Amino acid sequence: MFFKKDSMNEQKNRSNIYKKVQKVGIITMLLTGAGISSGFALAKEENSTIHTIYHVYSDKNYVGMVSDEKKIEQLKQEELEKAASEYEGLPLTIGTELSVVPEKVFTVGTDDEQILEKLQDMLTVEAEAIGVQIDEETAFFVKDMADYEEVIQELTLQTVTEEELAEFEARQQSTEPLPPLKENETRLANIQFSASIQATEGQTAPDEVRSVEEAMSLLNKGTLEEKKYAIQEGDVLGKIASAHNMSTSKLMEINPGITEDTVLQIGQELNVTALEPYIEVEAHYESKEIAPIQFKKLTEKDESEFKGEKKIKQKGTDGKKSVTHLIRKKNGKVVGKSVAEEHVLEEPVHEVTVVGTKVIPSRGTGTFKWPADGGYVSSQMGKRWGRVHQGIDIARPSSRSIFASDNGVVTDVGHHGTYGNRIIITHNNGYKTLYAHLSSIEVKVGQTVPQGSKIGVMGSTGRSTGMHLHFEVFKNGSNINPLSVLR
């Protein structure tokens, strides 16, 4: 609810009316005086006495007449004292404008008691208070400037700390130039309100003067009381939202925990007040930090080195840069962050790795391809049936062809009691691969085999429970998990 002072035009109109009433009274008094002068002898003969009565007007309306103006003032005082006992500490005044015009008469025909009762019903008491104007509209009133300043302080401290605010205000009052930011320093640069807010002197009903706590609730929520709605039979979220002029998403937002899948219970209460703050405070910070500039990993190819060989030519080190950020916070939460400026302090040194590209059929590339035509891993490397399974089993391929996983030279072929028909390929780069349980072998010892060339056919020879390929990888003489190198 908004309260406004009477406009200047309204005050002038009332002043003009009062002056007219005064003129009427003066003319009446003059005419009465003339009557007294001309009829003085008659009055004296009738032993009459001249009395003063008082005509009372409220705005343009005639209320009545009383015999004593002091009775009106006494009534006003009583009403003020009555209100003062209820609204302690508030400067109070009578809000009803009354005009009193005296008149000289011979006969007193007043009914003071009736007119005073009528005036009592008409009189209103107002408090002289401080109006809080938001975008030139008076949103509410507080008791005095001290309360207004406390409201502004509390509103600001919802977003910044007392220490930050004190430092900011000290800088605002200082005539010294703002020093440059230090490394790893963050300082409050500005406080911005979402709307203009100012204090104005005014009058309002005493019960409309808000405490600091009530003022904060109004500013943050736009209302002093959140309305509740009790769920009734047949209600759904969309129906409830529509009945209270809001979207279903808004209804769920103001009732945390309520979703479209929530089963509503009869009698359950939902908040149906969409809170709209009168004003919000945003704090702007500037922050300076030293941040790393990550080095890049560059690759150089070398045809003189074998494929799969790698060596670091130059180690990488991060650089450094000075970064100034602008940070926006609202109610203590970051709502935006941007880079204001950057300065490179140290350039990064990029890491350079030389990789070999020279390929010969007898030397592995270091990259291992899947040795079968599709299929899946039917048994992993590790403990199985009380002993260690040294490789992986591949079953259910698209065809039974087995391929060399990488370039190399065949160094062993033949039958083995456990592996059945097997092939071992040495890749001349520290790696060896083993292919077991083959039904047939299509290579010989000493033969050079390129990566992906067919070397045999999948089978179930040796200690095997079904057709599959047992595949092992050795690195520098030790078994490693084939899945760690297969691509």
In segment 453-481, what residues are part of a strand (DSSP E or B), out of contact with any His (no Cβ under 9 Å at 6 or more places or on another chain), closer than 18 Å to Trp370 by Cβ and in contact (Cβ under 8 Å) with a residue 60 or more places away in the chain? Phe471, Glu472, Val473
Considering only segment 61-85, how many residues are touching a helix residue (DSSP H, G or I) at 6+ places or on another chain (Cβ under 7 Å) and basic (Lys, Arg)? 1
In a strand (DSSP E or B), surrounded by fewer than 21 Cβ atoms within 10 Å (Cβ to Cβ) and more than 60 Å from the chain's Cα centre (by Cα), is that true of Gly414? yes
Within the bounds of segment 184-200, is there any residue that is more than 19 Å from the chain's Cα centre (by Cα) and assigned to a helix (DSSP H, G or I)? no
For segment 461-487, what are the residues that are surrounded by fewer than 16 Cβ atoms within 10 Å (Cβ to Cβ) and closer than 12 Å to Tyr435 by Cα? none
Qualifying residue in segment 185-200 (condition: in contact (Cβ under 8 Å) with a residue 60 or more places away in the chain, of a type in the set (Asp, Glu) and either assigned by TED's automatic domain parsing to the domain that holds Gln172 or surrounded by 16 or more Cβ atoms within 10 Å (Cβ to Cβ) (or both)): yes
Name the strands (runs of 3 or more DSSP E) wholly within segment 252-359 that hold at least 2 residues that are under 30 Å from Gly234 (Cα atoms)? 269-271
Test for Thr223: is it at pLDDT below 90, farther than 30 Å from Thr367 by Cβ, crowded, with 16+ Cβ neighbours inside 10 Å and among the β-branched types (Val, Ile, Thr): no
Could you grab me the full set of residues in segment 439-455 that are surrounded by 15 or more Cβ atoms within 10 Å (Cβ to Cβ) and either over 22 Å from Thr367 (Cα atoms) or in contact with a Lys or Arg (Cβ under 9 Å, 6 or more places away or on another chain) (or both)? Ser439, Ile441, Glu442, Val443, Gln451
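Taking the condition over 30 Å from Leu188 (Cα atoms) and in contact with a Gly (Cβ under 6 Å, 6 or more places away or on another chain), does Glu351 pass? Explain how you work it out, then say what you get.
Numbers: over 30 Å from Leu188 (Cα atoms): yes; in contact with a Gly (Cβ under 6 Å, 6 or more places away or on another chain): yes.
Yes: the conditions hold for Glu351.
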Which residue, of Ser440, Ser401, is outside any loop (DSSP other than H, G, I, E, B), closer than 19 Å to Arg487 by Cα and assigned by TED's automatic domain parsing to the domain that holds Val473? Ser401
Among the residues of segment 380-390, is there at least one that is touching a helix residue (DSSP H, G or I) at 6+ places or on another chain (Cβ under 9 Å) and assigned to a loop (DSSP other than H, G, I, E, B)? yes
Residues that are among the basic types (Lys, Arg) and either farther than 21 Å from Gln294 by Cβ or touching a Phe, Trp or Tyr at 6+ places or on another chain (Cβ under 8 Å) (or both), drawn from segment 334-358: Lys358
Name the pairs whose Cβ atoms lie under 8 Å apart, with the first residue in segment 74-87 and outside the structural domain of Val209 (by TED's automatic domain parsing), the second in a helix (DSSP H, G or I), and 6 or more positions between them or separate chains? Leu75/Leu116; Leu75/Leu119; Leu75/Gln120; Glu79/Gln120; Ala83/Pro206; Glu86/Pro206; Tyr87/Pro206; Tyr87/Asp207
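The values are calculated or read from the model by the stated rules, or taken from the named source; none is laboratory data. Because the structure is a prediction, the values reported are computed rather than measured. All Cβ positions, even for glycine, are placed from backbone atoms using ideal geometry, and neighbour counts span all protein chains on display.
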